[in-house]
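J.: The structure under discussion is supplied below as structure tokens; questions concerning it will follow.
The values are calculated or read from the model by the stated rules, or taken from the named source; none is laboratory data. Computed from a prediction, not measured in an experiment: that's the story for all the values here. Here Cβ is always computed from backbone atoms with ideal geometry, including for glycine, and neighbour counts include all displayed protein chains. Please note that ligands, DNA and RNA were not included when accessible areas were found on the heavy atoms of the full protein model with its side chains. Shrake-Rupley method; radii C 1.70, N 1.55, O 1.52, S 1.80 Å.
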Amino acid sequence: MKLTVLHTESSLGWGGQENRTLNEMIAMRERGHRLVALTQPGAKLAGRASEAGFEIREVRMRNAVDLAAIARIRRVIQDVGAHVVNTHSGRDTQVAGLAARSLFGARPRIVRTRHLALPITSRFTYSVLPDHVVTVSRFVEDYLVSAGVPGDRITTVLTGIDLTKYDPARPERPLRDELQLPAGAPLVGTVAILRRKKGHAELLEAIPAVAARFPEAHFVFAGNGPQHENLERRIAELGLADRVHLLGLRRDVIDILRSLDLFVLPTHQEALGTAFVEAGAMQLATVATNVDGVPEVVVDGETGLLVPPLQSPPLAEAIATLLGDPERRQAMGVAARQRVCRSFSREAMAAGMEALYLSLLDKR
């Protein structure tokens, strides 16, 4: 059965959530289905999905009970003939869910994908409004069950990426040339929006201890966000301007990862962490924090090292440990790549979503 799936998203920004949605759309299209994205005007997902050749519909969603938005989305659902409406954020879940449920006859199935490890604010948008909830990690599934969402209405479909784009064997390391770094200088990096909960501040505080042991080491932060000025100021205060490089928002993430010797992301909170999946695909060992769904990607002692959150000394020690042991670091990178290939492919993600959609339509 060829499905028409309408993905709705009220977020305007770009992060792991939007990245997964676009990857899922691409992989489902490869399986022969029709995918349409409904976003707010100016959303980054709309721009990137349009570049990828998808049909885009734009509806302004002013709040969770925007009657005009509900009416417009209802017309879009009817116009595209959606079999499934897959929502992703709180606001679009409310308006798109109400739009779908207000249709007479055989309405589309409503699926909400939960991308976050934060406490939920409305059980209604998980237990009542959608027909089913998809979680991006088992940690999030377990949390929702503990919050009172029926377990038989939740399915975990792990986030997947297009592994054909991630080739760790390619020798190019363009970021090193861009930064004019010596060939042998260790390069440690992170890719994440510059938010407090991503742990950039703790990483900065750990760098002087690492630099004392590895004076040639450099660090790169790829991403932009509200903490940019604070981080820039702290870099100057610590005297690290010559070894910490703020790269801003980049679309060449794969090239950045290819240039690194070690990936680090000391996040305070993470449902799963697409960045960890991408780093593993590039055969990088990772230093991460032992929180939420992170251990489902980074296996402590096997594909990287896990440290407590919000603590710079153990973070510095873990980074220094792996920089000082290239053989162990490389072995962890190989294990990380193998793990990602087994469990985090885009094809596996699409197969899981397709099976869920079809089962819900069968029940209808």
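J.: What tally of residues in the range 319-342 results from selecting those that are in contact with a Leu (Cβ under 6 Å, 6 or more places away or on another chain) and among the small types (Gly, Ala, Ser)?
T.: Final tally of qualifying residues: 1.
J.: How do the pairs read when you match residues in the range 115-132 that are open to solvent by 80 Å² or more (accessible area, probe 1.4 Å) with residues anywhere that are not in a helix (DSSP H, G or I), using Cβ under 9 Å and keeping only pairs 6 or more apart or on different chains?
T.: Note: pairs meeting the criteria are 119/147; 123/147; 123/148; 123/149.
J.: Ok, one more. Among the listed residues 255, 292, identify the single one that is open to solvent by 20 Å² or more (accessible area, probe 1.4 Å), at pLDDT below 95, of a type in the set (D, E, K, R) and farther than 21 Å from residue 328 by Cα.
T.: Result of the check over 255, 292: 255.
J.: Scan the helices (runs of 4 or more DSSP H) fully inside the range 298-364 and keep the ones with 2 or more residues being open to solvent by 10 Å² or more (accessible area, probe 1.4 Å) and over 30 Å from residue 82 (Cβ atoms).
T.: 312-323, 326-343
J.: Still on this structure, I have one more. For the range 156-178, enumerate the residues that are under 20 Å from residue 336 (Cβ atoms) and part of a strand (DSSP E or B).
T.: The answer is 161, and nothing else.
J.: Could you list all residues from the range 111-155 that are of a type in the set (Gly, Ala, Ser) and within 21 Å of residue 297 (Cβ to Cβ)?
T.: 117, 137
J.: Moving on. When the range 67-88 is examined, which residues are found to be surrounded by 19 or more Cβ atoms within 10 Å (Cβ to Cβ) and part of a loop (DSSP other than H, G, I, E, B)?
T.: 82, 83, 88
J.: If I filter the range 337-346 for residues that are among the small types (Gly, Ala, Ser) and touching a residue at least 12 places away in the same chain (Cβ under 8 Å), do I get at least one hit?
T.: So far as the range 337-346 goes, yes, one or more of its residues are among the small types (Gly, Ala, Ser) and touching a residue at least 12 places away in the same chain (Cβ under 8 Å).
J.: What number of residues in the range 38-66 are in a helix (DSSP H, G or I), surrounded by fewer than 19 Cβ atoms within 10 Å (Cβ to Cβ) and either of a type in the set (Ser, Thr, Tyr) or touching a strand residue (DSSP E or B) at 6+ places or on another chain (Cβ under 9 Å) (or both)?
T.: The number of residues fulfilling the criteria is 2.
J.: A further question follows. Can you find, within the range 284-297, the residue that is nearest to residue 191 (Cα to Cα) among those that are touching a strand residue (DSSP E or B) at 6+ places or on another chain (Cβ under 9 Å) and part of a helix (DSSP H, G or I)?
T.: 294
J.: Which one of these does residue 117 not meet: (1) touching a Phe, Trp or Tyr at 6+ places or on another chain (Cβ under 7 Å); (2) of a type outside the set (Asp, Glu); (3) under 16 Å from residue 9 (Cβ atoms)?
T.: (3)
J.: Given (1) under 16 Å from residue 247 (Cβ atoms); (2) modelled with pLDDT of 95 or more, identify the lone condition not met by residue 205.
T.: (1)
J.: Oh, and also: Any idea how many residues of the range 262-289 are closer than 20 Å to residue 205 by Cα and crowded, with 21+ Cβ neighbours inside 10 Å?
T.: 10
J.: Here's something else I'd like to know. Does residue 104 qualify as being at pLDDT 95 or above, of a type outside the set (A, V, I, L, M), more than 30 Å from residue 290 (Cα to Cα) and out of contact with any His (no Cβ under 8 Å at 6 or more places or on another chain)?
T.: Judged against the criteria, residue 104 is not a match.
J.: Only residues in the range 175-186 that are surrounded by fewer than 14 Cβ atoms within 10 Å (Cβ to Cβ) count as the first member; pair them with residues that are in a helix (DSSP H, G or I), Cβ under 8 angstrom, at least 6 apart or cross-chain, and list the lot.
T.: 183/176
J.: Give the residues of the range 89-114 that are assigned to a loop (DSSP other than H, G, I, E, B) and buried (at least 24 other Cβ atoms within 10 Å of the Cβ), sorted by residue number.
T.: Answer for the range 89-114, where residues must be assigned to a loop (DSSP other than H, G, I, E, B) and buried (at least 24 other Cβ atoms within 10 Å of the Cβ): just 108.
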